[in-house]
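Working notes for the structure below.
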Amino acid sequence: MCGIIGFTGQREASPILVDGLKRLEYRGYDSAGLITGTGGKLHLRKKAGRIAELAKEVASNPAPGHYGISHTRWATHGAATDTNAHPHTSTCGSIAVVHNGVIENYQTLKHQLQADGVEFVSETDTEVLAHLIRHYYNGDLLQAVKATVELVKGTYGLAVMCRQEPGVLVGARLGSPLVIGLGPDGNYLASDANALSGYADKVVYLNDRQICQLDGESWVIRNMDFDTVDVPVEDIRHYLGDFEAEKGEYEHFMLKEIYEQPDTIANAMRGRLDDASATAHFGGLNLTPQQLRSTERIIMTACGTSYHAGLVGEYLFEELARMPVEVEYASELRYRNPPMDQKTIVLCLTQSGETADTLAALKEAKRMGHPTLAICNVVGSSIAREADGGIYLHAGPEIGVASTKAFTSQATVLAMLALFYGRMRHLSAVQGQRIIEELRALPDIIRKTLQCHDHVKKLANRYGDMHNCLYLGRQYLYPTALEGALKLKEISYIHAEGYPAAEMKHGPIALVDADTPSVFLVPRGNVFDKVMSNMQEIKARGGPVIAVCSEGDREVASIADDFITVPDVPDYLQPIVCSIPLQLFAYEVAVLRGCDVDKPRNLAKSVTVE
Ligand code: AGP
């Protein structure tokens, strides 16, 4: 996901801009740039590659001035080149813009501008905005930006500045987050409050179809009728995760976040397990007891790892709440039109709260009048603000692009929500209390599970040169298999597929050979014998088997080529426990292969484009 930082105030802008970009680095990008203004001139510096490249450029060729904007770009239109990097400027160089989002009608706008003689230098959609703002500029930058965004179809989070209005920054938001930061040394614009930690004390979040203007001392937000709107000024600490977004003694953020999971799972449950009523409760559902009691169906929608958490949720709700659940990829749901009655609740799952497809699916559900909930990790994110109510994960910033602690926290929250619904319907107090005790035991069980790390590292060394890998599990461990495969493929670039264990007979078994390991999730549980049979079928065809199994399981150990043991838990908690060794396996294989574990190629931490 691209990142935006702007500053205007009493200090040199470029060091603040570069430092702010570094805090957004984890989101994934492929180029970076900044522009500052002083003495009626603008100073543009931008480079493909890492922010370190940009910092070197600025060190050797300073960009002076007390106001500026900057950007990390994750390429959508046009390759990752210096020219395509943001900021983009008008032909005369007097207007500069950085942009998050996608201008869907940029070709039409570009052709109109070219017909007027405008020459384009980049392949991006964003450059259109710079020329349009220049076209409409007549001494009022805010008005020029308003006139421009009224022509735009698509999404944008914008920061704009110009030579003629020193110290002035203008912002606009539709579908891509933008926040004003207020600090002692000046004011800021950013796509994420975390980038302003240590600089701003207060934040003001723009809503969709709002524009803003700020300088070092003042700020104003207007709607598209140009009326001033009152938006709450909030303490930035409300939006900063309580986990330090630093690696500490860990080599990578991903490893740190894997090891945080005993604490983040405890945080997900903190204050939400109610012994007196043998249920769970949540402060922010914002749905009436009648709405909750009358829920007859839940549609969960998400992308990627969050989608896999939703699949775990489907099994949880069926077992604990006896409720029908459908899990839909958000990118599919937003264009389908499934029959949904008024007793259907749409539940979005998202770590970042900014995934474009999930946000769009949520808006579509709201448009149809359905109650909407969001299970989300980032406080104040677009999806958290758009949903009627929700549940925060409280997992702290997840910096590694590969999601780990968010997955286990989502599964934990879904177990509690299923308990909540189950206790409204058929679960007895005794059953509810048993579930509470099993959930409370999780942090220590995860702490114990992490002890498999050294052994997993050995297996990574043994299998690290594989080119394909199957992940197989049944019931709750089928979504876990999907998630394990996603972890491996997204950080080690090895092709991996997750499948229901029984399904591999219907095709994938043709892939099995001595060079294609199969990871079986086969702890003791309701379908243990069935999965053992599937393991035998793979072994009979010469496929290596790595088993994740219960401690002391000699039967599995006698068949599998290698195995990783995990503590026994009830079936419904096995996705949380069994995903730990899979996360570690993917991590160690990726490290072995020299991959960029925290920022894998082509990936962004939050995909804010369709
Ligand atoms: C997971 O490891 C990936 N980084 C990706 O699939 C991610 O889960 C997906 O983009 C959804 O992101 P969200 O949870 O922030 O909505």
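Numbers at a glance
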read-out: Lys, Arg +1 and Asp, Glu -1 on Cβ, resulting dipole of the chain about Cα centre, debye, nearest 20; value: 220 debye
read-out: Around residue 391: net Lys/Arg minus Asp/Glu count, Cβ-Cβ under 13 Å; value: +1
read-out: Semi-axis lengths (Å, descending) of the ellipsoid that matches the C-alpha gyration tensor of segment 402-523; value: 32, 18, 12
read-out: Interatomic Cα distance distribution for segment 291-365, bins of 5 angstrom, percent; value: 3, 17, 28, 25, 18, 8, 0
read-out: Among the listed pairs 405/505; 448/599; 247/457; 256/489; 343/405, those beyond 23 Å (Cα-Cα); value: 405/505; 448/599; 343/405
read-out: Label zone at residue 433 (point 7 Å along Cα-to-Cβ), backbone N below 13 Å, segment 557-573; value: none
read-out: Full-stretch length increase - residue 368, residue 233 - with 0.36 nm per residue and alpha-carbon distance subtracted; value: 45.5 nm
read-out: Per-pair calculated FRET efficiency, R0 = 56 Å: residue 515 and residue 207 via Cβ, rounded to 0.05; value: 0.55
read-out: Over the chain, equivalent-ellipsoid semi-axes from the Cα gyration tensor in Å; value: 45, 27, 21
read-out: Residue among 324, 248, 309 farthest towards the positive dipole end of segment 241-336, charges placed on Cβ; value: 324
read-out: Base-10 log of normalised Debye intensity for segment 250-384 (one unit scatterer per alpha-carbon) at q = 0.18, 0.19, 0.23 Å⁻¹; value: -1.13, -1.24, -1.61
read-out: Proximal lysines to residue 202, defined as alpha-carbon separation beneath 22 angstrom and excluding residues fewer than eight positions away on the same chain; value: 22
read-out: Under-5 Å amide H pairs with residue 202, H placed in peptide plane, nonlocal only; value: 182, 236
read-out: Intensity falloff of segment 522-590 expressed as log10 I(q)/I(0), Debye formula with alpha-carbon point scatterers, at q = 0.17, 0.19, 0.29 Å⁻¹; value: -0.62, -0.77, -1.33
read-out: Whole-percent pair-distance distribution, where bins are 5 Å wide, for the alpha carbons of segment 473-520; value: 5, 21, 30, 27, 15, 2
read-out: Heavy-atom surface of the chain, accessible at 1.4 Å and reported per residue (Å²); value: 37 Å²
read-out: Kirkwood Rh, Cα atoms: Rg over Rh of segment 40-105; value: 0.96
read-out: Kirkwood Rh in Å, taken over segment 191-296 so that all alpha-carbon pairs contribute; value: 18.3 Å
read-out: Whole-number D in µm²/s for segment 27-183 (Stokes-Einstein; Kirkwood sum over Cα pairs; 37 °C, 0.692 mPa s); value: 211 µm²/s
read-out: Helix runs (DSSP H) in the chain reaching 18 Å along axis by Cα, Kyte-Doolittle at least 1.0; value: 574-592
read-out: Ratio Rg/Rh [Cα only; Rh per Kirkwood] for segment 73-150; value: 0.93
read-out: Semi-axes of the equivalent ellipsoid for segment 494-610, Cα gyration tensor, largest first, Å; value: 26, 18, 15
read-out: Per residue, the convex hull volume that the Cα atoms of segment 9-84 enclose (Å³); value: 86 Å³
read-out: At q = 0.20, 0.21, 0.24, 0.35 Å⁻¹, base-10 log of I(q)/I(0) for segment 72-112 (Debye sum, equal scatterers on each alpha carbon); value: -0.74, -0.82, -1.04, -1.18
read-out: Relative contact order (%) - the chain, alpha-carbon pairs under 8 angstrom, separation at least six; value: 12 percent
read-out: Pairwise Cα inverse-distance average, inverted: Kirkwood Rh of segment 407-453 (Å); value: 11.7 Å
read-out: Proximal lysines relative to residue 153, as straight alpha-carbon distance under 29 Å, when same-chain residues fewer than 8 apart are discounted; value: 46, 47, 110, 363, 366, 605
read-out: Accessible area of the chain belonging to carbon and sulfur atoms, whole % at 1.4 Å probe; value: 48 percent
read-out: For segment 366-427, diffusion coefficient by Stokes-Einstein and Kirkwood Rh (Cα), 37 °C, 0.692 mPa s, µm²/s; value: 252 µm²/s
read-out: Share of Cα-Cα pairs in segment 163-232 lying beyond 20 Å, as whole percent; value: 24 percent
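The values are calculated or read from the model by the stated rules, or taken from the named source; none is laboratory data. All of these numbers come straight from a predicted model, not from anything done at the bench. For neighbour counting, all protein chains shown are included, and Cβ atoms are generated from backbone atoms with ideal geometry for every residue, glycine included. Ligands, DNA and RNA are stripped out before the accessible areas are found, and what is left, the full protein with its side chains, is counted by its heavy atoms. Shrake-Rupley method; radii C 1.70, N 1.55, O 1.52, S 1.80 Å.
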